[in-house]
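To keep things clear, I will list the structure first and then write my remarks on it.
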Amino acid sequence: MKIGVISDTHGLLRPEALAQLAGSEVILHAGDVGKGNILAQLGELAPVHAIRGNIDRDEWAADLPHRLKIELGGVTFLMLHDLKQLDLDPKEEGIDVVVSGHSHKPRVHQEGEILYLNPGAAGHRRFSLPITLARLDLQNGVAEVEIIDLFA
């Protein structure tokens with residue numbers, strides 16, 4: 001299963017991001033969407049699961065959860081915008097992958113059996129940080145991650 005992971009679009013969905021997400025079977029948006037039409041555009045590529053970020057305060061975002069636990073391809077994901085707000089033990093909750101955003105810094109790291117993924121920010125550039133998203137390839141319950149720099 002191929003999963004596209006994007007975050008912190010802040011109302012800007014770049015054509016380069018759409019091109020990289022094409023072919024995804026599912027898209028995860030880890031918050032700070034910015035505008036509701038972003039999710040509609042992503043939904044033209046694949047089913048979208050999105051959470052609310054700290055800037056998603058308008059009426060269109062009212063139904064977005066602050067966190068989401070979802071199973072895809074035999075792997076259990078927990079999505080929350082700001083990793084600093086993680087207030088549970090992922091292992092105890094049966095979570096395999098924690099997806100977050102907020103920092104705009106792409107990061108993939110493993111802590112024990114738990115994979116932590118922040119795809120970085122795909123919207124407006126912040127400071128000198130790259131414009132990124134991630135691809136997850138799930139095979140036999142194992143997630144392989146690739147961070148994609150849209151302008152590398």
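The values are calculated or read from the model by the stated rules, or taken from the named source; none is laboratory data. The structure displayed is predicted, hence computed values, not measured ones. Cβ placement follows ideal geometry from the backbone for every residue including glycine, while neighbour counts extend to all protein chains displayed. Surface areas here come from the heavy atoms of the whole protein model, side chains and all, with no ligands, DNA or RNA. Shrake-Rupley method; radii C 1.70, N 1.55, O 1.52, S 1.80 Å.
Evaluated against (1) touching a Leu at 6+ places or on another chain (Cβ under 9 Å); (2) over 17 Å from residue 3 (Cβ atoms), residue 78 falls short on exactly one condition, (2). Just one residue in the set 18, 13, 42 is outside any helix (DSSP H, G or I) and among the aliphatic types (A, V, I, L, M); that residue is 13. Go through segment 82-103 and count every residue that is hydroxyl-bearing (Ser, Thr, Tyr) and either touching a Lys or Arg at 6+ places or on another chain (Cβ under 7 Å) or surrounded by fewer than 19 Cβ atoms within 10 Å (Cβ to Cβ) (or both). So the answer is 1. Screening residue 152 against (1) out of contact with any Phe, Trp or Tyr (no Cβ under 6 Å at 6 or more places or on another chain); (2) in a strand (DSSP E or B); (3) free of Cβ contacts under 8 Å to residues at least 40 places away in the same chain; (4) aliphatic (A, V, I, L, M) leaves a single unmet condition, (2).
Give segment 10-43 a look and list any residue that's more than 18 Å from residue 125 (Cα to Cα), open to solvent by 40 Å² or more (accessible area, probe 1.4 Å) and touching a helix residue (DSSP H, G or I) at 6+ places or on another chain (Cβ under 9 Å), or say none. 37, 41 - these are the residues of segment 10-43 that are more than 18 Å from residue 125 (Cα to Cα), open to solvent by 40 Å² or more (accessible area, probe 1.4 Å) and touching a helix residue (DSSP H, G or I) at 6+ places or on another chain (Cβ under 9 Å).
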